Every structure is written in C-alpha cells, then in structure tokens.
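Take a look at the structure below.
Only the coordinates and a few stated rules stand behind these numbers; no lab work does. In this text the structure is predicted, and so the values were computed from the model without any measurement. Positions of Cβ are generated from backbone atoms using ideal geometry, with glycine treated the same way; all protein chains shown enter the neighbour counts.
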Amino acid sequence: VQNLCMAQNDFERRLYEHRQRIQHEHEKSLKQLEVREIIGPVPQREKDELLRRHLAELERADKRAIEKLDDLRFQQQLELQRLGIPNMYQTSNIKVMHQQRLTLLKILKACGN
C-alpha cells in the first residue's frame, strides 16, 4: 500500500510540474510581448489570442491529467484487489471509493502509518 502511495505522489508531482512548465512558457510569451510593446503597440487581438491559446493548453493538460488519474485509480484498485484487501475492485462509484479510502486508512493506521 505504501508503494502505491509513493507512486501516486510521484505521479501527482509530475502532473504539477507539467502544469508549471505550461505556465512558465506562457509567462515567457507575455514577457516577449512586453518587450515588443517597447518598440510599438501590440494589437489587443494578438494578446487575446495568446491568452486563449494558453487557457486552451491548460484545459487540455487538465483533461489529460484527469484521464491519467482515473487510469491510475483503476490500476491501484486492481492491485489492491489482487493483494486481497477487502472491498477493493475497480469502480467509479463515489460512495464505494469513499469506503475503499476508509478501508485503506484503517490498514495504514494499523501498520503504524
């Protein structure tokens, strides 16, 4: 169970870092626009397009992250089922997942974590 937690933490860290890279690239593009504005005005249309592209890229990244997290959840549920942990099976039912979480917390507490 601890290995699954560590793998999930690592996975979430990578997703966060990916989102931070997207944000950094956007900030870099904004700075380039600021430099260009020193020379002359940049059309508002171009600024709006830059923001639109940035928001669209974030939305795509977030959707991919949700899909990947769902896949990870299913993999974790299968692994926990394989280990014989009670009530563990693949599901998207929120009530069942809450019960699974409580079961895992009890196991971790019993193990001293």
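Highest mean first, the peptides 89-98, 32-41, 75-84, 60-69 sorted by other C-beta atoms within 10 Å per residue fall in the order 75-84, 60-69, 89-98, 32-41. Electrostatic tally near R53: other residues with Cβ closer than 12 Å to its Cβ, Lys and Arg +1, Asp and Glu -1, net -3. From the cross-link list K63/K95; K63/K109; K68/K95, which pairs have alpha carbons spaced over 26 Å apart? From K63/K95; K63/K109; K68/K95, over 26 Å: K63/K109.
Kirkwood radius for the chain, taken over all pairs of different Cα atoms as the inverse mean of 1/r, rounds to 17.3 Å. Computed as a quarter of the hull surface, the mean projected area of the alpha carbon convex hull for region 1-52 stands at 4.0 nm².
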